[in-house]
Amino acid sequence: MSAPPPALPRHLAVIMDGNGRWAKQRQRPRTLGHRAGARAVRTIVEYCLARGIPALTLFAFSSENWNRPEEEVGALMRLFLRVLESEVEELARRQVQLRFIGERSRFPEAIRRRMAEAERIQLPAPRLTLVLAAGYGGRADIAQAARRLAEQVQAGRLRPEDIDEATVGAAMSLADLPPPDLFIRTGGEHRISNFLLWQLAYTELWFTDVLWPDLDEAVLDAALADYARRERRFGLVPEQLASPAPETR
Ligand code: FPP
């Protein structure tokens, strides 16, 4: 017997790869690929709203992306700022709660201000929580959780022997959301690339050669159909899955 997977993921995590190659195929600058990538962001947000997927985390900019050529980083910053300026209110109006994870200190002041403004909008009952991972690295996330716990130990509020998966998990980014059920990476690479390392422990992984700007509903339908066929065992044997779902983090 296999466990019926919940029909829909409660949380979708996505690496949006392939913007550069999409532009190259058209002999256009990489920045044009990123602009087309921003349109695909709208596609996936609309899709989640239409299907009732309540949480979506997008890897918008990794901690390693700061090492890209200055010109590309500058173009991405301008694009992020423009998107924040043009979309935040509309997202709130559509009951999309925007959040950010990652190290913000290197982002231009104008972007940090917009991020803070967007986060000040707190929707009582959002239809979708949209998390943008910006300046994010999975290892850095684990390191900051370790630092927070060490500070609590130093302050006498936590004993080392009480540190377990639950305390570490609670100190990680996204601790208040269910862990991602489904991870999607476009662009043909089969890697996690330092995305949500802790949070993806039991996530179903799905990869496609489709380049991010070419994302459409059919691609997302295929990912969800595949997800619905997966047997999620969380380390157990199939016979055990008839009983209630085990703790997954
Ligand atoms: C990876 O493609 C994509 C990025 C590093 C940036 C992601 C940014 C966007 C999708 C644009 C807008 C996003 C938001 C949230 C407004 P790549 O450049 O690595 O592509 P390649 O592998 O083909 O070179």
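Between amide H atoms placed 1.01 Å from N, distances below 5 Å from residue 98 occur with 130, all of them 5 or more places distant or on a separate chain. Karplus-based coupling profile of the range 43-58, in residue order and whole Hz: 4, 6, 5, 4, 4, 4, 5, 5, 8, x, 7, x, 9, 9, 10, 10, with θ = phi - 60° in 6.51 cos²θ - 1.76 cosθ + 1.60 and x standing for Gly or Pro. Taking all Cα pairs closer than 8 Å and separated by 6 or more residues, the relative contact order of the chain comes to 31 percent. Applying the Karplus relation 6.51 cos²θ - 1.76 cosθ + 1.60 with θ = phi - 60° to the range 74-80 yields 3J(HN,Hα) values of x, 5, 5, 4, 4, 5, 4 Hz, where x marks Gly and Pro. Using the Karplus relation 6.51 cos²θ - 1.76 cosθ + 1.60 with θ = phi - 60°, the per-residue 3J(HN,Hα) values for the range 115-125 come to 4, 5, 4, 4, 6, 5, 6, 10, 8, x, 9 Hz, with x marking Gly and Pro.
Considering only 187, 235, 37, the mean-square fluctuation computed in a Gaussian network model of the chain, springs between alpha carbons under 10 angstrom, is largest for 235. Centroid-to-centroid, using Cα positions, the range 46-122 and the range 168-183 are 19 Å apart.
Where in the chain lies the longest segment free of GluC sites (Glu not before Pro) that are both loop residues by DSSP (not H, G, I, E, B) and have at most 16 other Cβ atoms within 10 Å? No qualifying site falls inside 1-102, the longest such stretch.
Over all other residues within a Cβ to Cβ distance under 13 Å of residue 195, the charged ones net out to -1, with Lys and Arg as +1 and Asp and Glu as -1. In the range 131-209, the C-alpha radius of gyration followed by the widest Cα-Cα span (Dmax) gives 14.8, 50 angstrom.
Any read-out appearing in this document is the output of simple, stated calculations on the displayed coordinates, not a laboratory observation. What you see is a predicted model; the values in this text were computed from it and never measured. As a convention, Cβ positions derive from the backbone with ideal geometry for all residues, glycine included, and neighbour counts pool all protein chains shown.
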